[in-house]
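The values are calculated or read from the model by the stated rules, or taken from the named source; none is laboratory data. Since this is a predicted model, take the numbers as computed values, not measurements. Here the Cβ is made from the backbone with ideal geometry for all residues, glycine too, and neighbour counts use every protein chain on show. Accessible surface areas use protein heavy atoms only, side chains included; no ligands, DNA or RNA. Shrake-Rupley method; radii C 1.70, N 1.55, O 1.52, S 1.80 Å.
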Amino acid sequence: MRRSTLLPPLRLVFFMWLFYSIQVYSGVDMGFLGILPLEGSGLVGVFLAPLIHGSVSHLMSNTLPLLFLGTMVYYFYQPIATQVMIHCYFFTNILVWFFGRPFYHIGASGLVYGLAFFLISFGIFRREARAIIISLIVILIYGGLVYGILPSNPNISWESHLMGAIVGIGSAFGLSKLRKVNS
């Protein structure tokens with residue numbers, strides 16, 4: 001594995017853990033830096049919400065999938081990986097700002113869902129053996145994510161999950177038409 005495929009997701013995870021450490025050691029709940037839909041003050045969350053987590057278990061539930069899925073995107077689709085990451089990070093958060101419930105949405109799960117649904121959908125849209133195999137691997141490991149896009153727990157931002165899935169599928173559709181996407 002090339003080192004450059006792990007660095008971008010590792011940097012993001014570093015900042016997630018840094019923000020959480022600052023939050024724990026300062027005693028300040030940084031949830032106010034999340035996305036508060038349709039409020040001007042909530043726009044800061046478009047940039048910071050994926051870095052803010054409410055607990056160690058919340059942080060861990062995003063860390064490992066982000067490292068795995070992010071590395072897969074950068075390893076297999078290097079030429080478009082940064083574009084995919086930016087789409088899944090920002091467009092997901094923008095959609096949550098427009099359509100989310102009126103509370104602070106925090107965490108990187110929207111990004112995780114975006115990356116997972118990108119990897120799954122890309123194989124379907126691209127129709128190449130390698131992309132289909134990658135899709136199947138992600139489905140086998142993360143197929144249960146589909147249930148997270150449905151409202152179940154009022155304390156979990158299913159909107160982030162749903163918007164991430166939509167952005168991931170949309171990115172896969174749009175980018176699957178490019179000629180050179182394999183590294």
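So, in region 1-16, of the ones that are among the hydrophobic types (A, V, I, L, M, F, W, C) and closer than 21 Å to T92 by Cα, which residue ends up most open to solvent (accessible area, probe 1.4 Å)? Among residues in region 1-16 that are among the hydrophobic types (A, V, I, L, M, F, W, C) and closer than 21 Å to T92 by Cα, the one most open to solvent (accessible area, probe 1.4 Å) is F14.
In the set L38, L43, L51, only one residue is in contact with a helix residue (DSSP H, G or I) (Cβ under 6 Å, 6 or more places away or on another chain) and not aromatic (F, W, Y); that residue is L51. Across region 40-75, what is the total count of residues that are farther than 18 Å from W17 by Cβ and in contact (Cβ under 8 Å) with a residue 12 or more places away in the chain? Going through region 40-75 one residue at a time, the tally reaches 8.
Matching residues to (1) of a type in the set (A, V, I, L, M, F, W, C); (2) surrounded by fewer than 18 Cβ atoms within 10 Å (Cβ to Cβ):
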site: L18; (1), (2): yes, yes
site: L33; (1), (2): yes, no
site: P37; (1), (2): no, no
site: L43; (1), (2): yes, yes
site: F47; (1), (2): yes, yes
site: L67; (1), (2): yes, yes
site: G70; (1), (2): no, no
site: Y77; (1), (2): no, no
site: T82; (1), (2): no, yes
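On inspection, R127 passes the criterion of being at positive phi, of a type outside the set (V, I, T) and more than 17 Å from the chain's Cα centre (by Cα).
Entry remark, region 94-136: residues being out of contact with any helix residue (DSSP H, G or I) (no Cβ under 6 Å at 6 or more places or on another chain), in a helix (DSSP H, G or I) and without any contact (Cβ under 8 Å) to a residue 40 or more places away in the chain number 3 in total.
Filtering region 20-31 to residues that are assigned to a loop (DSSP other than H, G, I, E, B) and open to solvent by 80 Å² or more (accessible area, probe 1.4 Å) leaves only D29.
The lone criterion from (1) buried (at least 20 other Cβ atoms within 10 Å of the Cβ); (2) modelled with pLDDT under 95 left unmet by G100 is number (2).
Exactly one residue among I156, I86 is in a helix (DSSP H, G or I) and open to solvent by 30 Å² or more (accessible area, probe 1.4 Å), and that residue is I86. Residues that are open to solvent by 70 Å² or more (accessible area, probe 1.4 Å) and more than 20 Å from T71 (Cβ to Cβ) do not occur anywhere in region 130-137.
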